[in-house]
Every structure is written in structure tokens, then in C-alpha cells.
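Everything on this sheet refers to the single structure shown next.
The values are calculated or read from the model by the stated rules, or taken from the named source; none is laboratory data. Not measured: the values here are computed from a predicted model. When we count neighbours, we look across all protein chains shown, and the Cβ atoms used for this are built from the backbone with ideal geometry, even at glycine.
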Amino acid sequence: MFDLKVINSVLAEMEEERGIPRERMIDAMEQALATAYKKEFGKRGQIITCKFDLNTGTTNFNQIKIVVDESMLKPEPEFDEEGNPIEEEEEGTEIEEEKKVRFDDEKHIMINTARMIKKDVQLHEELVFPLEPKDDFGRIAAQTAKQVIMQKIREAEKESALAEFGQKAGDIIIGHVQRFERGNLYVDLGRVTAIMPYEEQIPGERFKPGERVRAILLAVEETPRGIFLKLSRSHPDFLISLFTIEAPELQTGAVEVKAVAREAGARTKIAVYAHDEHIDPVGSLVGQRGVRVSTVMSELGGEKIDIIEWSPEPAEFIEDALSPAQVMNIRIESEPNSETNERGHAVAEVANDQQSLAIGRGGQNVRLAAKLTGWKIDIVSANTGEELAEASATGIVDIEAPLDSEIGADDDVLENENATTTKPDLEEVLTEEETTGDRDMVQDTEEEDEIDTPEEAEKQLA
């Protein structure tokens, strides 16, 4: 009936490609054959099992009966004159009645009868009765067996995927882009397909089908449709995992990442701390000639990364968080209150030429500094004393800079240049003699412009 060569090759293929053990597949086959036997030759209520011998290809079918006694059975229902069952209500026996079963001759056997077959039989024990072997199943029974096998294969694949990826949550995995649908990116991981939602993607990144992609596995969930794997490239943990791959100090725990503030695709600030005073935490992440941070930046599409050293002193930490801007002074207005869940408030005083650099384009620098430290930060000009920007850990920035400061200017351009754009008066720049000479030159030019006709030109020459 069975081609053992084909069965063995299928079992080996399922075990290698889909990760389904051979024992699980044989168990699925036995359940499918038992279901087909019951569908074709069995009776209602029967418990039928099958034992498949992979060496000989033979099948043995058995019927299971459970040993019961009178105390385990529900009483036969009584009917009234109209044929409706009469319900007897007894207090305190509902739980006991739920445990009792209705006697079925196809699945139950009384203990007195069972002891004639086996002397030392016990209650709830299962007695096995062999059935006549059959191999000519009908079309409906074969279709039922196929459905059972497919269902068991899906369950085995789900368990195999959970066993493989359940322990990889939080790790970086590599897959290939399958398709892009409704903003979601579907990534093929071999046995299963993972999803990267739109909000977990880096803005501006585009992938082609079949392209290799790296992402962090955020969550592994079991759903009725299968295993749901959620990927992310915009999560801060993805950046930390990339640095962990590049920096051995992070792997060993000598250097620890204390805080991360990230705006995916634009800029990131990361605060690190070394448990060993002989290790430079910033240098560990930057690497020799910046090779480590350059590798991470290239993976993130050129995202700018600011690496600072974490400090337990709030003033020092806030000053470093505002880098690359140079802060003149940090003034603590109020300390954080854990009882009322209020953040601390600090005021950073910067020079005029560091205003735009401290605030950043669109307030990005001070906003990320506030997220990184968890403090509310105000930027104040050192000369004028006017408040330039206000940032809190929520990411809201209110810009109140003077009109002559270029808040939206590029940080790289403004790093060594003054942000003031107001032009000085001519008299303040030129000396008195140069001013007088220029004015005479302008006057002569105006007189020459007054000669309009040839007659007036001849008169002027005479």
C-alpha cells in the first residue's frame, strides 16, 4: 500500500527544509490513517488509533475503550408524557455531575466486564482491541486524511519556528526582501516570513525584492494564522546591537550604553559609560580612525551619530549632551521629582556663535539632548540673556531666538562661523577718508549722468 522509499525521502526533506522532526511526521500520518479508517469503516463515538511500521509499511488499527464504573456515569434521563427530558436539580452536585460521563458502548467498558479480559485492570485505564486491517479507503476518507496531515504539518512548523526564533527576540537577524505591500515590508527568513511595519522603517530607505536586509527582531507572537515576527530598523536597540557587533567592549560588558536618543535616518545621540577607568568608552565605539562608527553609519544610511560619555553629574552630562556646541555654563533650575514624576529643569548658556549649533536644525540638537538626559533644557544667549530655545524630554521645542540668528542653518557650516547675519553700516566699516573718497566718486558719477544731449556735451568740453 505504501511506497517506503517515497515516504522516507519526504520525511527527510521535511526534516531538513522545514525543521519538522521525523517522529512528528510519522505521528501525523498515524492520526490521519486513524481518522480515515473511522470515516470509512468506524462507528460514531469510537476511539481508533493506528500504528505505522516504517520498516515493513504495514498498519495496525486498534480501538480504545476506557474502563468505568457506575459512580462515573450519569443516570439515564427520564422523560415526561410529552417526551421531554425531566431535569432533577440537586444542590452541591453540579461539579460532580460535570465530571461524570454518559455511557457509550463504543468508547466505554464496565469494570466488571473489563476484569474478565484483564484481572488487574483499574478505573480510567484504556483497553486496546485490535481491528481488522483495511487499505481500500474511499475518496472522502483520503481527503480527510490529507487535511489532517496538512493541519499537523502547520502545527509542527509553528512549533519549529517558535523554537528557532523565540529565543532570538532582541537579536539582529538577516533576511531577504520579499515584497512591499501597503507600507509594510515583508522579509523572507527562510522558514517563515517576517513583517517590518512602516513606523519601524528608517525614513527614506527603499529596498528591492531579493535585497539583503538586516534588522532587529522585536517580537515573536503566536497567532491563529501562524507565527508573527516583527522587525525594526528604527528602534534604538537596533543601533545598540550594531555597535555591540563592532565593539568587543560592549560584548564583554566593560562598556555600557546608558541612554540613547534617536531620530531614525537623521541623527542619534548615545551616552556610554566604562566600568574600567582604563578604558575610553567613546573611543571604544568610535574605533581606530572612526572605523567602527563609520560601519554603523553606513548600515543606517549615513545617519549622524554623536557619542558622548555618560556622567552621574547632571550639569556635566547636559553639557556633553549638547555637543558639538560649546556650553559656557549650566544652571540647574530645579531637580527631578520622582514622586510627582516631574523632570529636572536646566538652563544652558552659550555664546552667540554657538547658538545655532546648540539648537540645531529645527531644534534637533537640543531636542535629542533633552531626550537623552531626561531633563528640560533651555538655551540662553550669554551676551543678550535672551532665551533661544526650550526643549523637554517629550521632544517639543519652542524656538524663541532673535531674528538675527540662523536657527535653521547647517550645523556643519555654523560650527566655525558666526550665526549673526545682520550687515554692519558702511560708515562703521570704512574709514573717514575712504568714505569721503567714495562719496566724491559717487558725486562725479552723478554729474556725468546729467549730460544727456550732444549739444550739452560740446558746451561742457568748451
Tabulated pairs, segment 49-60, first at positive phi, second in a loop (DSSP other than H, G, I, E, B), C-beta under 7 angstrom, 6+ apart or interchain
Gly57/Met1; Gly57/Phe2
Filtering segment 295-315 down to residues that are among the small types (Gly, Ala, Ser) and assigned to a loop (DSSP other than H, G, I, E, B), which residue is farthest from Gly204 (Cα to Cα)?
Ser311
Collect the residues in segment 327-344 that are surrounded by 12 or more Cβ atoms within 10 Å (Cβ to Cβ) and of a type in the set (Val, Ile, Thr), keeping them in residue-number order.
Val327, Ile330, Ile332
Among the listed residues Val101, Val192, which satisfies the condition of being β-branched (Val, Ile, Thr) and farther than 18 Å from Gly19 by Cα?
Val101
Residue count, segment 288-334, condition among the acidic types (Asp, Glu) and closer than 20 Å to Ser381 by Cα, comes to 4
Does Arg267 qualify as being among the basic types (Lys, Arg) and free of Cβ contacts under 8 Å to residues at least 12 places away in the same chain?
no
One residue from Ile202, Ile216 being part of a strand (DSSP E or B) and of a type outside the set (Lys, Arg)
Ile216
Which members of segment 103-155 meet the condition of being surrounded by 12 or more Cβ atoms within 10 Å (Cβ to Cβ), among the acidic types (Asp, Glu) and closer than 18 Å to Ile48 by Cα?
Asp104, Glu106, Glu125, Glu126
Taking the options Ser294, Ser284, name whichever one is surrounded by fewer than 16 Cβ atoms within 10 Å (Cβ to Cβ), at pLDDT 90 or above and either touching a Ser or Thr at 6+ places or on another chain (Cβ under 8 Å) or among the hydroxyl-bearing types (Ser, Thr, Tyr) (or both).
Ser294
Mind counting the residues in segment 11-41 that are surrounded by 13 or more Cβ atoms within 10 Å (Cβ to Cβ) and without any contact (Cβ under 8 Å) to a residue 12 or more places away in the chain?
3
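Results for (1) among the hydroxyl-bearing types (Ser, Thr, Tyr); (2) touching a Ser or Thr at 6+ places or on another chain (Cβ under 6 Å); (3) on the phi > 0 side of the Ramachandran plot, shown as yes or no for each residue.
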residue	(1), (2), (3)
Ser311	yes, no, no
Ala315	no, no, no
Ile318	no, yes, no
Asn337	no, no, no
Val350	no, no, no
Ala369	no, no, no
If Ile64 satisfies every condition in (1) surrounded by fewer than 19 Cβ atoms within 10 Å (Cβ to Cβ); (2) within 13 Å of Ala145 (Cβ to Cβ); (3) aliphatic (A, V, I, L, M) but one, which is the exception?
(2)
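Mind checking which strands (runs of 3 or more DSSP E) fall wholly inside segment 85-181 and carry at least 3 residues that are within 49 Å of the chain's Cα centre (by Cα) and modelled with pLDDT of 80 or more? Give the derivation first.
Working: elements: 108-110, 126-130, 172-181.
In segment 85-181, the matching strands (runs of 3 or more DSSP E) lie at 172-181.
Yes/no per residue for (1) surrounded by fewer than 18 Cβ atoms within 10 Å (Cβ to Cβ); (2) closer than 29 Å to Arg361 by Cβ; (3) acidic (Asp, Glu):
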site: Leu250; (1), (2), (3): no, no, no
site: Val257; (1), (2), (3): no, yes, no
site: Arg267; (1), (2), (3): no, yes, no
site: Val272; (1), (2), (3): no, yes, no
site: Glu277; (1), (2), (3): yes, no, yes
site: Arg289; (1), (2), (3): yes, yes, no
Inside segment 48-58, the number of residues satisfying the requirement of being surrounded by fewer than 17 Cβ atoms within 10 Å (Cβ to Cβ) and either under 15 Å from Ile140 (Cβ atoms) or modelled with pLDDT of 85 or more (or both) is 1
If I filter segment 214-236 down to residues being farther than 13 Å from Ala161 by Cβ and surrounded by fewer than 17 Cβ atoms within 10 Å (Cβ to Cβ), which single residue comes out as modelled with the lowest pLDDT?
Pro224
